[in-house]
1. What number of residues within the stretch B:270-310 satisfy the criterion of being assigned to a helix (DSSP H, G or I) and under 19 Å from residue B:351 (Cβ atoms)?
2. Quickly run through the stretch A:325-352 and pick out the residues that are over 14 Å from residue A:293 (Cβ atoms) and either touching a residue at least 24 places away in the same chain (Cβ under 8 Å) or crowded, with 16+ Cβ neighbours inside 10 Å (or both).
3. Applying the selection to the stretch A:112-128, what residues are touching a helix residue (DSSP H, G or I) at 6+ places or on another chain (Cβ under 9 Å) and either modelled with pLDDT of 85 or more or within 14 Å of another protein chain (Cβ to nearest Cβ) (or both)?
4. Scan B:243, B:222 and give me the residue that is assigned by TED's automatic domain parsing to the domain that holds residue B:151 and part of a loop (DSSP other than H, G, I, E, B).
5. Within the stretch A:83-93, is there a residue that is surrounded by fewer than 21 Cβ atoms within 10 Å (Cβ to Cβ), at pLDDT 85 or above, facing another protein chain (nearest Cβ under 10 Å) and over 30 Å from residue A:251 (Cα atoms)?
6. Filter the stretch A:52-70 down to the residues that are away from chain B (no Cβ under 11 Å) and modelled with pLDDT of 85 or more, then identify the one that is farthest from residue A:22 (Cα to Cα).
7. Does residue B:161 satisfy the criteria of being within 30 Å of residue B:69 (Cβ to Cβ), surrounded by 16 or more Cβ atoms within 10 Å (Cβ to Cβ) and in the same structural domain as residue B:76 (by TED's automatic domain parsing)?
8. If the requirement is being closer than 14 Å to residue B:75 by Cα and either over 15 Å from the mean Cα position of the chain (by Cα) or surrounded by 20 or more Cβ atoms within 10 Å (Cβ to Cβ) (or both), which of these qualifies: B:127, B:172?
């Protein structure tokens, strides 16, 4: 039987999730520490362009060591669970595919949807824990009037991670705890010190965990070589908005929408990447002014605070992690299609990125920009 | 919480008699066995007595026993001590990583290596070995008993084939020692590895049988310890412990304790298979060491079952842990032809001297409900009838 008092903590070996484990332990909960082994850092290490295995990244031995030390310190059982196959299938391969077709994917959302809040929750329930706590900065609340679980922005806005969590289902939210939602990062570090955690001063991790140094190009090269796949032809033409060919480029995966530098053509006025056409391998360039647009469409949507979008709704929409949410109206235009109309034109709306809709602090839902 | 340990193929507790034998060699008889004075003579005597006990366990001469830091070092010494560039090596796909990764390393360095397959029961076919021999074959290294399934290889047949071909034969007997009788002369092997902590001696000590006349290059260079085969001051307390454990193992085998162990294991197997459906024994049909059973529970993740059981006080294991502690799919079960799902759904139970029938009951009472819960939450489980929510 699941034990209401047993809770699994997803431990990454960082300060946040370690502190969560210590907090819940101090509350007298039965805490089980789990770390997901998602990617073998040594797998591509040493291949051309790839550094030797580096410490201090997701799934690195150092992080597992740190998590294990925390578990020992606070006296909880701790296990590493292997989800490398799922991670490669659901996160790495889609990432590679998206990148090669000229979109700019965000693997963290995929990882949250498919691994952390799906696989890990399943493992947690299998081993007798009813819910999973993580070190994300976000809040979960139950809205009695609507009978829905809500995902809300955290107290520490600078650490807000709701952008990466828009895919959580009602079932997942009902079994998830974000104990840091009401705390600031300095408070978390203070608590870590109080609990005697050796890693209280460990720096935050930033980059995509399986791409060392954030170098996507080298990662793609090494990964495809390992898979015995040829790097597909991605070079093509640079064209203007009216279809004029003004040059050639080295590969669509080298560009992101909004990019200015590195186009390799000299013209009078500065040129920006406006659009990347995966099918024709064309990169469309133009004036800064053409980068702005008021509308976009999202697909693979997930709604959280509402069951369905029956009528147009006023929200704020975030189109990048570091983007300031901007006022917009969302309306349903198809079975799984939402049209977003911003009040003001937005710069560099990028297909492949997530768009997350907010109603104040509450996450209404989100989808993938198409 | 009551805790029951059924993971004795990973390691075993040191027996009280073994600990008692070791204790004086930490502070009281602390001498360096190479010293010429009284203190050295005391420990030298203890080391040589232990060597005699190990020789009795293996059926060889004391001078043929080289003490090492454990099974891994013994395997490495056998392999790297013999093989040189230009040689050909034959091993199997189900070896312990101490042998498998040593052979892979040799292969990467340009040595020819043949990895022999196993059948569905986990057995290497002697005819495959015969066919794999080449004029430059230097070494055949095939394990005695498998750590995951307990399956015993026909090592005597391998020994004959190697003798006829005049090829060195090494066997990793880490999981066989003390569980079944080992007579190196009957096997006809030139080298054989054992590890102390797999049979109630402490961790950090093992031995390699080296047939008289076999020339081995050492792994370490230094003093002339162990007849210049293994430099480094002897781990005297560990060696004394290994000797005592060997002595106890010889007695236990003479008293038929291996048969008792087998009946306890068989009871465990029967009880589990009788109470859990879609489960079976991996390696059934092959001879197995008496303490080991490897059982698949279809539709579950073995990893989750191991964690579930551990949280309830039962220690068992699955596959092999990688450096992070995560579980990797078993290369042994995969080599036996198990599909990945079934390999991942397999659990090893391994009994030890300390286990009682009460321990077996504890395990068989826990298992059905734990497996059922995992199956309920498994996306793989195609339920026969809907279950009320």
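1. Residues in the stretch B:270-310 being assigned to a helix (DSSP H, G or I) and under 19 Å from residue B:351 (Cβ atoms): 11 in total.
2. A:325, A:330, A:332, A:333, A:336, A:337, A:338, A:352
3. A:114, A:115, A:117, A:118, A:119, A:121, A:122, A:123, A:125, A:126, A:127, A:128
4. Criteria check complete, one pass: B:222.
5. No, there is no match, as no residue in the stretch A:83-93 is surrounded by fewer than 21 Cβ atoms within 10 Å (Cβ to Cβ), at pLDDT 85 or above, facing another protein chain (nearest Cβ under 10 Å) and over 30 Å from residue A:251 (Cα atoms).
6. A:66
7. It is false that residue B:161 is within 30 Å of residue B:69 (Cβ to Cβ), surrounded by 16 or more Cβ atoms within 10 Å (Cβ to Cβ) and in the same structural domain as residue B:76 (by TED's automatic domain parsing).
8. B:172
The values are calculated or read from the model by the stated rules, or taken from the named source; none is laboratory data. Quick caveat, the model's predicted, so the values are computed rather than measured. Heads up, the Cβs are rebuilt from the backbone with ideal geometry, glycines too, and the neighbour counts pull from every protein chain shown.
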